[in-house]
Amino acid sequence: MSAYMENYSQRQTIDSAVNRFTRDCMARFGFSYSPPPSDGNPASIYDDTNMVRRYGITDRESASKLGYHLGSESYTPPPVPRMSAAEVAVLSGHVEMKPGAPEAPPTLNGIPIPREGCQREGLDKVGAMLDTTLSGRLDSESFDTSKAAPQVQAALGQWSSCMAGKGYTVDLPENAFRLAPAGGSGAVSSAEIAVAVADVDCKETVNLVGIWFETESRVQQGLIEKNQLALTELRDRINAAVKAAAR
């Protein structure tokens, strides 16, 4: 399903162009606008598939150093820049930056405010108003469907038994981190590392990730076949937006 989602590089290209158009639009009204940087979101956890941790942690080297922590892949969204009421109106086309806010006046100092503000103008110029909910929904559906499959349930049971053999009582990989108390100030504790390493080792012992990935791949292939036209159109729109943004 990743083939029908925006990847990290594509989003960076689109954001760069949209931000440039948005800055130019804001400048027409006399505002100097600096959008928050968008280069902090780690590529490996960017889209809905989150393959690095889709089935929980899988990298033993990382687990032995970071436990369940993300390390360099942790991401804190940048703060929203402070803006005056006029800047908010021009940027968003509304009196506040929140869903359902009333529309802003149609002009500022005699200059027409674009529909939905300068943000929308930038998106429209690049053709980047993309609705990717279909691929995201199918990606989520395939995860749930594959998780319920008998072969995956059997592997999950084997993984749980393996963890019990190492002294850890846990039913599912997504709950394993709860067994790992953090160190002081949120640091990685030796107890967390021990749980994380056991988690990865047990996954490898019972081939949980291999079984789950193969099962989910078959589920996704079926979903793609059923939704091929809509997914192809979505992929084409993404590619067109990337080309326009690069241009």
field: Yes/no for residue 172 being in contact with a strand residue (DSSP E or B) (Cβ under 9 Å, 6 or more places away or on another chain) and surrounded by fewer than 19 Cβ atoms within 10 Å (Cβ to Cβ)
entry: yes
Checking residue 211 against (1) open to solvent by less than 60 Å² (accessible area, probe 1.4 Å); (2) over 21 Å from the mean Cα position of the chain (by Cα); (3) over 30 Å from residue 165 (Cβ atoms), the condition it does not meet: (3)
task: Could you list, in sequence order, all residues of the stretch 90-116 that are of a type outside the set (Val, Ile, Thr), touching a residue at least 40 places away in the same chain (Cβ under 8 Å) and closer than 23 Å to residue 15 by Cβ?
output: 91, 114
message: Where the second residue is among the aromatic types (Phe, Trp, Tyr) and the first is surrounded by fewer than 18 Cβ atoms within 10 Å (Cβ to Cβ) and lies in the stretch 14-35, which pairs have Cβ atoms under 7 Å and are six or more apart or on separate chains?
response: 23/33
field: Matching residues, the stretch 121-168, being among the aromatic types (Phe, Trp, Tyr) and either over 25 Å from the mean Cα position of the chain (by Cα) or in a loop (DSSP other than H, G, I, E, B) (or both)
entry: 159, 168
message: Show the residue pairs meeting these rules: Cβ distance below 6 Å; 6+ apart or different chains; first residue within the stretch 206-229 and on the phi > 0 side of the Ramachandran plot; second residue assigned to a helix (DSSP H, G or I) and open to solvent by less than 30 Å² (accessible area, probe 1.4 Å).
response: none
- prompt: Here are 191, 164, 244: which of them is closer than 30 Å to residue 18 by Cβ, open to solvent by 20 Å² or more (accessible area, probe 1.4 Å) and of a type in the set (A, V, I, L, M)?
  reply: 244
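The values are calculated or read from the model by the stated rules, or taken from the named source; none is laboratory data. These numbers were taken from a predicted model, which means no experiment stands behind them. Every residue, glycine as well, gets a Cβ built from its backbone with ideal geometry; the counts of neighbours run over all protein chains shown. Accessible surface is based on the protein model in full, side chains and every heavy atom, while ligands, DNA and RNA are left aside. Shrake-Rupley method; radii C 1.70, N 1.55, O 1.52, S 1.80 Å.
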